[in-house]
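Colleague: Shown below is the structure under consideration.
Please treat every number below as a calculation from the coordinates, not as lab data. Computed from a predicted model, the values in this text were never measured in an experiment. Quick reminder, even Gly has a Cβ in these numbers, built from the backbone with ideal geometry, and neighbours come from all protein chains shown.
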Amino acid sequence: MEPREDSWESIGWDASSAQQDDVGREQVLELARRLAEQRQRQRAEDLVQIEDLKRTLRERAADVARRELEVERRLRQLDEHETPRRSLRFRRVEPQPAEDTGAAAYAEELLTRREADLEQRASAVAAREREIAERDAAALARRLELEEAEPARAQREEALEARKRELDEQKQTLDRSHADLSRASDELVQRATALEEGERAVAAERTQLAGLQRDLDAQTDALAAGTRELAERERVLAEREQELTELGDRTAAVEQRSSAGERRATERDQQLAAREARLAAREQELQGREAEVLRVQAGLAAQQESVRRRERALEDAERVVERETIAPPAAYVSFSEGLEALTGARRPRD
């Protein structure tokens, strides 16, 4: 790895010294900061690399030690698995199996490679340390040169310091302006959010009002249908009343023609009078209910319940009227029957 150089070293120190009066203090300070940061970064990187190399060496050494232990263990296993011992007289040294010899040679080759690798890594670490030392020496020389050039920049430092204060004041002013703009932007965002929430609330209220309007229309239609049904029932009751009236007229005619049916006609009249009274009461009740329906139309909350009550009352009244209509009426005496009765009553006198 080649040593890193500062961007301003390629220009040459002589040219920089000749033009240092024209260089501002900010550039020099920036240069010094860059140099210090570069040295710190380089030193940190070098330390990290050295630690990595050391850790790698330790791992490799541990690996080599493990390999050696494995080779020794395998050698012991090979020794233990040799052919049984023969008698000392006839014992001879048998050649080691080719497989064990190959394993030992492979282990030896691995150890040799590991050692060569470790030596190469150690050489690289030494070269890296020399490179770091050279860079530290160059940085120290550059720092000494900068310290020697420092008295010549004292006047520029004051001007730059004043300029820096002005810039700081301008920066503070800009920061305040930015803060004001940020607050104004936050207020605008809050207002926009409030407006959006208000619009959503208005839309929800409009939807709710539309639903209420639909419910109101449905209830109004139901009330109109109930009113029409009440009118139809009133018409039916009026027809029944008319029938009862006609029946009363016929009964009166029969009573005039037949004195024999006077008692029955009187009872029929009483029944008709009672029915007429009930019908009159029913008419009053219906009129009261019609007024109640008109009042209920002004208040939608009790409309359906009121209609249900009226319907139940009308159904009860209809059942009462139907029961009265279905009940067997009094014996009806026609004109011919009355005449025949009178004729039959007069025959004995002849």
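Colleague: Using packing as a proxy for protection, rank 106-116, 222-232 so that the peptide with the highest average count of other Cβ atoms within 10 Å comes first.
Modeller: In decreasing order of mean packing, 106-116, 222-232 become 222-232, 106-116.
Colleague: Another question, then. If you count, for each residue, the other Cβ atoms within 10 Å and average over each peptide, how do 161-174, 32-45 line up from highest to lowest?
Modeller: Highest-to-lowest ranking by the protection proxy: 32-45, 161-174.
Colleague: Run the simple label-point estimate for Arg128 and Val202 please: 7 Å along Cα→C-beta, distance reported in nm.
Modeller: 7.1
Colleague: Roughly what would the spin-label model give for Glu315 and Gln190, points 7 Å off Cα along C-beta, in nm?
Modeller: 6.2
Colleague: Now a separate question. Under the 0.36 nm per residue contour assumption, what length would be gained going from the current alpha-carbon distance of Ala32 and Ala44 to full extension?
Modeller: 2.5 nm
Colleague: Suppose R0 equals 25 Å; then what is the FRET efficiency for Gln213 and Arg308 from their Cβ-Cβ distance, rounded to the nearest 0.05?
Modeller: The pair Gln213/Arg308 has a calculated efficiency of 0.60.
Colleague: Hey, rough spin-label estimate for Leu53 and Leu167, points 7 angstrom out along Cα→Cβ, what's it come to in nanometres?
Modeller: 4.1
Colleague: Next question. Sort 178-186, 122-130, 267-275 by the packing proxy (mean of other Cβ within 10 Å over each peptide's residues), most packed first.
Modeller: Those peptides, ordered most packed to least, come out 267-275, 122-130, 178-186.
Colleague: Report the FRET efficiency, 1/(1 + (r/R0)^6), for Ala141 and Arg121, where r is their Cβ-Cβ distance and R0 is 22 Å, rounded to 0.05.
Modeller: The formula returns an efficiency of 0.10 here.
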